[in-house]
Amino acid sequence: MPRIAVLTSGGDAPGMNAAVWAIIKLGAANGVEIVGVERGYDGLIDGEFRPLTRATAGGLVPVPGIAWLAGTGGTFLGSTRCARFLTPEGRKAAADRLTGAGIDALVVIGGNGSLTGAHRLAAETATTLVGIPASIDNDVGGTTDALGVDTALNTILEACDRISDTARSHHRAFIIEVMGRRSGYLAMAAGVAATADAVLLPEQPKTSGEILDQLEGLIRASFAPERDKRRLLIVKAEGVPIPTIQLASDLEERVADLDDVSVRASVLGHLVRGGRPTYQDRMLAGRLALAAITALGDGHSDVMTAWSSPMGTPTIDTSVTLVPLAAMIEETKAMLDGSSEVVRRRVRLLREVQGVLAL
Ligand code: F6P
């Protein structure tokens, strides 16, 4: 009977558990044993496998006691950022573990770093594998959405709404910092949806002085006596290299002459990474998992299942394509250095709406 291993790697993302659950059920339905790898690539190197399907008289079924995890955040398999897997020796040890456990193929669920590692594993050891993009940062090249992004955006929106309640009550400017590493996607998408007045992105580099000038001008214009604005919301991506608390206190000093206006900051941090996956993330998890299992059955390897991507080979699902991991790596690099058309378009769009946001 064929055996497929599945692991989650890097920062956890809501929807990872739903994807693992979908893989278990799809495997069981197709007579494929599914084996979970604990703690990502670390667990793979150390051989930490656990069966996720079991044989019954009626055929393969999921092991008991895990179904409820599909709707939970985080990853029940555990995850690490594995330094050993960055070396060829670590990857060789991982491949040997797979062979030793009689595993035919691997599904890697993770962000761009984890999928880059998967590509190296496939290239160096001929391991058959498929990746599923999962990262709240939405910085995996070649897919419009990764697992976890929608849930993270909904969490940020909820936080912005709550903070807006208190900000309006006290006539305040609020800076909300959101995760995203070097990507400003979460800040931009949530900022626009939350009707923020400004969004600060690493993709639009500015000096601290320029940021302070822009925000001071915004506060003065927004809280001018002829306006009835009571809350000013600035969503800042963590990749903008000015400490958020410092920014708030510098700004407050600059507008100290304004009566009844204060500036506060809130860093949402890991709050944004947890939580039960939304419908969108669970739906994405199921469809990307189906494409991954089908791709392995069809003999594909070293590819990622991508959502609504202009790149890749079509699948039976019109919204999902198979993008070579090498192409994912190229596009991710371009996204991070700003040369990708995807990022250029995002920045152009934001520039277009900047004047509108501030109204
Ligand atoms: O990649 C996901 C992410 O949550 C980033 O947004 C953030 O910069 C980073 O991980 C935080 O990593 P850690 O949980 O290891 O501190």
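At a glance:
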{"quantity": "Carbon plus sulfur fraction of accessible area for the chain, probe 1.4 Å, in percent", "calculated": "54"}
{"quantity": "Surface accessible to a 1.4 Å probe, per residue, for the residues of the chain, Å²", "calculated": "42"}
{"quantity": "Distance (nanometres) between label positions extended 7 Å along Cα→Cβ at A358 and D213", "calculated": "1.2"}
{"quantity": "Longest to shortest principal axis, alpha-carbon extents of the stretch 9-61, angstrom", "calculated": "37, 25, 12"}
{"quantity": "In nm, spacing of pseudo-spin labels at D337 and L258 (7 Å Cα→C-beta vector)", "calculated": "4.0"}
{"quantity": "Shape category assigned to the chain from the gyration tensor of Cα positions, a/c cut at 1.5", "calculated": "prolate"}
{"quantity": "Estimated FRET transfer efficiency (A67, M283; beta-carbon r; R0 22 Å; 0.05)", "calculated": "0.80"}
{"quantity": "Fraction of antiparallel bridges per DSSP, the chain only, in percent to nearest 5", "calculated": "30"}
{"quantity": "Gain upon complete extension [T195, M1; 0.36 nm per residue less C-alpha separation]", "calculated": "64.5 nm"}
{"quantity": "Selected from I219, N154, A189, residue furthest toward positive end of dipole (the stretch 151-273; charges at beta carbon)", "calculated": "N154"}
{"quantity": "Computed magnitude of the charge dipole of the chain (debye, nearest 20; Cβ of K, R +1, Cβ of D, E -1)", "calculated": "520"}
{"quantity": "Charge-dipole axis of the stretch 248-359 as Lys and Arg at +1 and Asp and Glu at -1 on Cβ define it, positive-most pick from G269, V342, T315", "calculated": "T315"}
{"quantity": "Solvent-accessible surface ranking, highest first, for H119, H170 at 1.4 angstrom", "calculated": "H170, H119"}
{"quantity": "Most to least accessible of R348, R91, R254 (protein chains only, probe 1.4 Å)", "calculated": "R348, R254, R91"}
{"quantity": "Helical contribution to [θ] at 222 nm, DSSP H n ≥ 4, -39,500 (n - 2.57), averaged over the chain, rounded to 500", "calculated": "-13500 deg cm²/dmol"}
{"quantity": "Angle between the chain longest axis and helix 16-29 axis [Cα atoms, degrees, rounded to 10]", "calculated": "20"}
{"quantity": "Student exercise, the stretch 115-231 dipole from Lys, Arg, Asp, Glu Cβ charges, in Debye to nearest 20", "calculated": "260"}
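The values are calculated or read from the model by the stated rules, or taken from the named source; none is laboratory data. On a predicted model such as this, the values are computed, not experimentally measured, just so you know. Note that we place each Cβ from the backbone using ideal geometry, even for glycine, and neighbour counts take in every protein chain shown. Just the protein is used for accessible areas: all its heavy atoms, side chains included, with ligands, DNA and RNA removed. Shrake-Rupley method; radii C 1.70, N 1.55, O 1.52, S 1.80 Å.
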